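Here the structure comes first, spelled out in structure tokens, and everything after it is commentary.
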Amino acid sequence: MDKVYDQKTVEEKWYQSWEKKGYFQPEINPNGKPYAIILPPPNANGDLHFGHAMFTIEDILIRFHRMKGEAALWLPGEDHAGTETQFVFEKHLSKLGKSRFDYDRATLYKMIYEFVEENRGKIRNQMQRMGFSLNWDRLKYTLDPDIVKVVYKTFKKLFDDGLVYRTNRLVNYCTKDGTSFSDLEVIYEERKDPLYYIKYGPLVLATVRLETKFGDTAVAVHPSDKRYKKYIGQELEIKTVSGKTKLKVIADKAVNPEFGTGIVKVTPAHDPNDFEIGQRHNLPMIQVIDYSGKLNEKCGKFAGLRVKKARSVIAEAMQEKGLIEKVDYDYTHRVGICYKCKTVIEPLPLEQWYIATKSLAEKALKVVKNNEVKIFPINFEKIYFNWLENIRDWNISRQIVWGIQIPAWFCESCKKWTVTEGETLDTCLHCNNSTLKQDSDTFDTWFSSAQWPFATLQTTKPGDFEKFYPTSVMETGRDILFFWVARMIMLGIYVTGKIPFKDIVLHGTVLDPLGKKMSKSKGNVVNPIEIANQYGADAIRFALVYGTAFGHDQSLSHPKLQAMRKFTNKLWNIGRFIIDFAPENAKHLDSTGIPNINKKSQDDKQILDNLSKTIKTVTQAINSYRFHDAADVLYKFIWHEFADKYIESSKDRRSEVQPILEYVFRTCLELLHPFMPFITEELWQKLPHKEDSIMITKWPETRIPAN
RNA sequence: GGACGGUUAGCUCAGUUGGUUAGAGCGCUUACUUGACGUGUAAGAGGUCACAGGUUCGAAUCCUGUACCGUCCACCA
């Protein structure tokens with residue numbers, strides 16, 4: 001053995017042979033009880049990033065349960081990631097001087113498909129580099145025909161049950177990306193914008209959005225606001241930049257009398273609040289901004305201007321006519337922006353498919369309240385409850401081509417919609433005319449992701465669903481608790497009648513070394529594969545769980561990685577001492593695996609005793625998702641008890657205690673294996689052993705007779 | 001406006017139901033390195049556990065409040 005541990009050769013050595021021998025298949029323990037984790041499917045088009053390195057937690061669980069003799073299945077998947085991928089592709093197009101408008105739907109789809117195919121598999125290699133024991137035979141892709149079929153079926157069922165409906169209301173629209181988004185995909189930013197106090201007839205009101213004034217259909221005050229009581233119900237004549245117009249004054253409790261002058265202009269087509277006021281008062285909707293973010297023909301001479309430009313041009317025109325009383329330039333408010341391209345989100349009226357979430361959310365709440373589904377750490381329960389209790393209906397239509405096209409057909413003759421399970425319709429089921437047109441929109445990616453646990457297990461191998469559903473654990477980042485986890489519970493229960501998983505385990509975020517969130521725009525993204533190449537995959541895996549309470553954020557720390565690299569070197573040298581430097585006359589561990597020596601000293605008894613305690617603690621810690629406890633105990637025991645004390649003190653009786661050294665060390669490797677798969681396999685192979693691999697040897701606790 | 005997390009040695013962080021002199025890694029000091037260890041071992045310096053109250057025989061740990069940092073949720077024009 002080399003004096004210094006060379007992680008590169010060792011870590012390249014084992015993965016393929018493990019996979020070839022079928023260790024990643026649950027069938028390796030045919031009679032074990034089922035234990036399943038569905039991998040949160042990474043973007044098929046992407047690279048491994050640090051969030052994915054946290055899959056280590058899932059690998060620890062899977063390897064641990066596999067060693068306990070369970071039929072452990074870790075099911076890999078890849079996500080087509082609709083908007084994400086299409087936007088990446090559009091960037092790629094723009095570098096070529098093209099845009100999505102240069103192609104028809106089918107061509108664009110085909111191009112993106114090929115673009116993704118070129119990159120698929122890249123991330124697979126990277127996950128293998130990390131040692132993830134995923135069952136690749138069962139790999140699923142969100143665009144696999146059988147998955148798509150499941151998604152269609154769910155949509156049809158929802159439609160038939162009246163839980164999917166189509167309606168025209170304001171959506172969060174990104175005029176740059178050309179699609180609507182769900183509420184979750186809008187992020188808010190504090191912005192400073194001028195607040196204009198404008199004259200509306202005899203009244204003065206405050207607004208930021210001057211450019212929507214062409215869409216005003218009323219002026220509103222609070223019903224009990226004494227200042228304006230006499231105006232309620234009146235029709236005001238208003239002088240504007242383009243002539244005179246008339247607006248009615250209405251009373252609505254949504255108006256805050258404290259803000260501005262206590263008066264608002266009501267623009268139902270361009271503001272969510274105003275939309276609701278409009279509904280209550282039967283106001284007409286006048287759309288004055290189009291889907292490209294420009295004022296339309298209703299705005300007279302301002303037509304064609306982009307919103308931002310229009311605002312300043314109109315302000316100038318109004319100043320000239322003396323229609324602006326004052327401007328507050330220090331006004332800050334929160335503005336919704338596109339999470340992807342940071343464009344200001346425009347609330348625009350658009351017909352979309354919605355899921356009625358109320359009844360689904362109630363059930364999703366109940367299963368967590370009943371403890372049928374448990375969330376770790378527990379404080380996320382409150383956040384989960386809060387979201388579901390206030391949930392709004394979910395817009396699942398997206399105006400992009402990359403994704404699953406919605407299987408709904410509109411009949412031009414009878415103006416009715418028909419939904420199918422994916423079959424193409426030739427004639428309308430309502431009126432028999434053949435004037436059908438399929439909805440050009442695609443599903444929100446999260447709509448298909450929300451079905452992932454059952455969609456995958458129903459389409460892998462016969463019997464998988466019956467055996468592994470509900471799965472044991474859903475382990476993922478806490479940032480997608482709403483996007484994904486809550487929705488999986490809602491749709492999982494709805495479609496299968498059962499919860500999709502029993503435990504939800506949420507890990508924290510890995511931040512950059514300065515404690516900032518990693519992001520491409522900040523340029524502080526670190527590639528975990530490079531870290532693995534530098535320190536070893538085992539070291540990075542251990543570093544991710546060691547020293548930070550599970551569930552908390554942590555900063556990437558090079559000193560810590562260095563320390564973990566040293567730990568692997570320490571392990572290597574313990575192995576070298578025990579194996580290479582064994583005296584020639586030494587006894588060895590026999591096939592029973594229990595060290596059988598005549599006279600045990602106090603030291604011997606103590607190390608064996610402490611080993612048992614370590615086994616117990618590590619087992620308990622993993623069972624309760626306290627991975628940092630397990631790592632800490634292992635590190636301390638191996639280095640500071642076994643190496644520093646026991647090995648040192650036993651050097652005089654070396655040949656006598658060799659079996660104990662071998663036994664304790666081998667057990668340590670087994671306990672460490674879920675955390676550090678590569679080095680433990682390498683060293684374990686050099687010690688006396690029975691099974692072919694440490695991966696399939698029995699977890700130490702299961703071998704200890706109860707006492 | 002709500003909610004959650006954090007605040008412990010110079011730095012990065014542990015500290016599960018409250019219990020003897022508060023821990024680790026890195027860094028620092030001093031010796032050793034005699035048969036495994038790009039080193040390792042042994043010993044050591046270093047903390048008013050954010051702040052203010054309270055409960056208790058006893059609090060980093062429980063309760064109340066405050067400050068600062070971070071995150072999430074919410075339609076304030």
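When the residues of the range A:448-476 are filtered to those that are among the hydroxyl-bearing types (Ser, Thr, Tyr) and farther than 29 Å from residue A:509 by Cα, which remaining residue is surrounded by the fewest Cβ atoms within 10 Å (Cβ to Cβ)?
Among those residues, the one meeting the criterion is A:459.
Pull up the range A:308-339, narrow it to residues that are more than 13 Å from RNA strand B (Cβ to nearest atom) and of a type in the set (Val, Ile, Thr), then point me to the one that is surrounded by the most Cβ atoms within 10 Å (Cβ to Cβ).
Ranking the qualifying residues of the range A:308-339, first place goes to A:314.
Suppose we filter A:466, A:412, A:475 for residues that are closer than 30 Å to residue A:171 by Cβ and not aromatic (Phe, Trp, Tyr); which single one remains?
Of A:466, A:412, A:475, the one residue that is closer than 30 Å to residue A:171 by Cβ and not aromatic (Phe, Trp, Tyr) is A:412.
Any idea how many residues of the range A:19-60 are buried (at least 20 other Cβ atoms within 10 Å of the Cβ), part of a helix (DSSP H, G or I) and of a type outside the set (Val, Ile, Thr)?
5
Find the residue count for the range A:187-204, including only residues that are within 14 Å of residue A:248 (Cα to Cα) and surrounded by fewer than 20 Cβ atoms within 10 Å (Cβ to Cβ). Break it down stepwise before answering.
Keep residues of the range A:187-204 that are within 14 Å of residue A:248 (Cα to Cα), which gives A:200-203.
Filter once more, keeping what is surrounded by fewer than 20 Cβ atoms within 10 Å (Cβ to Cβ): A:201-202.
Number satisfying all stated conditions: 2.
Name the residues in the range A:543-564 that are under 18 Å from residue A:636 (Cβ atoms), near RNA strand B (Cβ under 9 Å from one of its atoms) and either assigned to a helix (DSSP H, G or I) or of a type outside the set (Gly, Ala, Ser) (or both), would you?
Within the range A:543-564, A:546, A:548, A:550, A:560, A:563, A:564 meet the criteria.
If the requirement is being more than 34 Å from the chain's Cα centre (by Cα), away from RNA strand B (no atom under 14 Å from the Cβ) and at negative phi, which of these qualifies: A:677, A:700?
A:700
Which of the residues that make up the range A:426-458 are assigned to a helix (DSSP H, G or I) and either touching a strand residue (DSSP E or B) at 6+ places or on another chain (Cβ under 9 Å) or among the β-branched types (Val, Ile, Thr) (or both)? First the steps, then the outcome.
To start, the set of residues in the range A:426-458 that are assigned to a helix (DSSP H, G or I) comprises A:445-449, A:452-457.
Within the range A:426-458, A:445, A:446, A:447, A:448, A:449, A:452, A:453, A:455, A:456, A:457 qualify.
Keeping to the range A:190-224, report how many residues are free of Cβ contacts under 8 Å to residues at least 40 places away in the same chain and hydroxyl-bearing (Ser, Thr, Tyr).
Qualifying residue count, the range A:190-224: 1.
Would you say residue A:643 is over 40 Å from the mean Cα position of the chain (by Cα), within 7 Å of RNA strand B (Cβ to nearest atom), closer than 30 Å to residue A:531 by Cα and of a type outside the set (Val, Ile, Thr)? Reasoning before the result, please.
Details: over 40 Å from the mean Cα position of the chain (by Cα): yes; within 7 Å of RNA strand B (Cβ to nearest atom): yes; closer than 30 Å to residue A:531 by Cα: yes; of a type outside the set (Val, Ile, Thr): yes.
The answer is yes for residue A:643.
Please work out if residue A:240 is touching a residue at least 60 places away in the same chain (Cβ under 8 Å), closer than 30 Å to residue A:174 by Cβ and away from RNA strand B (no atom under 15 Å from the Cβ).
In short, yes.
From the list A:648, A:670, which residue is away from RNA strand B (no atom under 16 Å from the Cβ) and part of a helix (DSSP H, G or I)?
On the way: A:648 fails: away from RNA strand B (no atom under 16 Å from the Cβ).
Of A:648, A:670, the one residue that is away from RNA strand B (no atom under 16 Å from the Cβ) and part of a helix (DSSP H, G or I) is A:670.
Please work out which residue is nearest to RNA strand B (Cβ to nearest atom), limiting yourself to the range A:1-18 and to residues that are surrounded by fewer than 20 Cβ atoms within 10 Å (Cβ to Cβ) and polar (S, T, N, Q).
Here the answer is A:9.
How many residues, within the range A:96-115, are modelled with pLDDT of 90 or more and under 22 Å from residue A:339 (Cα atoms)?
1
Mind checking which strands (runs of 3 or more DSSP E) fall wholly inside the range A:192-244 and carry at least 1 residues that are in contact with a Pro (Cβ under 9 Å, 6 or more places away or on another chain), of a type in the set (Gly, Ala, Ser) and farther than 14 Å from residue A:315 by Cα?
Per the criteria, A:218-221.
If residue A:171 satisfies all but one of (1) within 12 Å of RNA strand B (Cβ to nearest atom); (2) closer than 30 Å to residue A:388 by Cβ; (3) among the aliphatic types (A, V, I, L, M); (4) at pLDDT 85 or above, what's the number of the condition it fails?
(1)
Filter the range A:433-470 for residues that are of a type in the set (S, T, N, Q) and touching a Cys at 6+ places or on another chain (Cβ under 9 Å) and give the result. Spell out how you get there, then give the answer.
Of the residues in the range A:433-470, the ones of a type in the set (S, T, N, Q) are A:433-435, A:438, A:440, A:442, A:445, A:448-449, A:451, A:456, A:458-460.
Within the range A:433-470, A:433, A:434, A:435 qualify.
Please enumerate the residues belonging to the range A:191-217 that are more than 13 Å from RNA strand B (Cβ to nearest atom) and among the small types (Gly, Ala, Ser).
A:201
May I ask you to list the residues in the range A:607-620 that are touching a residue at least 40 places away in the same chain (Cβ under 8 Å), surrounded by fewer than 20 Cβ atoms within 10 Å (Cβ to Cβ) and away from RNA strand B (no atom under 12 Å from the Cβ)?
Initial filter on the range A:607-620 (touching a residue at least 40 places away in the same chain (Cβ under 8 Å)): A:607-608, A:611-612, A:614-616, A:618-619.
Subset that is surrounded by fewer than 20 Cβ atoms within 10 Å (Cβ to Cβ): A:608, A:612, A:616, A:619.
Answer for the range A:607-620, where residues must be touching a residue at least 40 places away in the same chain (Cβ under 8 Å), surrounded by fewer than 20 Cβ atoms within 10 Å (Cβ to Cβ) and away from RNA strand B (no atom under 12 Å from the Cβ): A:608, A:612, A:619.
Got a number for residues in the range A:630-660 being without any contact (Cβ under 8 Å) to a residue 40 or more places away in the chain and over 25 Å from residue A:564 (Cα atoms)?
Here the count works out to 2.
Assess whether residue A:342 counts as being exposed (fewer than 14 other Cβ atoms within 10 Å of the Cβ), part of a loop (DSSP other than H, G, I, E, B) and out of contact with any Pro (no Cβ under 9 Å at 6 or more places or on another chain).
So residue A:342 passes the test.
I need a count of the residues in the range A:621-640 that are outside any helix (DSSP H, G or I) and within 10 Å of RNA strand B (Cβ to nearest atom).
Looking only at that region, the number is 2.
Just give me the residues in the range A:272-307 being within 16 Å of RNA strand B (Cβ to nearest atom) and without any contact (Cβ under 8 Å) to a residue 24 or more places away in the chain, in sequence order.
Answer for the range A:272-307, where residues must be within 16 Å of RNA strand B (Cβ to nearest atom) and without any contact (Cβ under 8 Å) to a residue 24 or more places away in the chain: A:273, A:274, A:276, A:279.
Report whether or not residue A:176 is under 37 Å from the mean Cα position of the chain (by Cα), assigned to a loop (DSSP other than H, G, I, E, B) and among the basic types (Lys, Arg).
Yes, satisfied.
Can you give me the ranges of the strands (runs of 3 or more DSSP E) entirely in the range A:347-421 with at least 1 residues that are within 16 Å of RNA strand B (Cβ to nearest atom) and either of a type outside the set (A, V, I, L, M) or modelled with pLDDT under 90 (or both)?
A:374-376
Just one of the numbered conditions (1) surrounded by 18 or more Cβ atoms within 10 Å (Cβ to Cβ); (2) within 30 Å of residue A:457 (Cβ to Cβ); (3) more than 22 Å from the chain's Cα centre (by Cα) is not true of residue A:538; which one?
The failed condition is (2).
Between A:97, A:131, which is part of a loop (DSSP other than H, G, I, E, B) and within 25 Å of residue A:622 (Cβ to Cβ)? So that I can check it myself, show each step before the final result.
Values: A:97 fails: within 25 Å of residue A:622 (Cβ to Cβ).
Unique residue meeting the criteria: A:131.
Of all residues in the range A:80-102, which are out of contact with any Leu (no Cβ under 9 Å at 6 or more places or on another chain) and not hydrophobic (A, V, I, L, M, F, W, C)?
Answer for the range A:80-102, where residues must be out of contact with any Leu (no Cβ under 9 Å at 6 or more places or on another chain) and not hydrophobic (A, V, I, L, M, F, W, C): A:82, A:83, A:84, A:85, A:90, A:91, A:92, A:94, A:95, A:97, A:98.
The values are calculated or read from the model by the stated rules, or taken from the named source; none is laboratory data. On a predicted model such as this, the values are computed, not experimentally measured, just so you know. Neighbour counts are summed over all protein chains in view; Cβ atoms, including those assigned to glycine, are modelled from backbone coordinates with ideal geometry.
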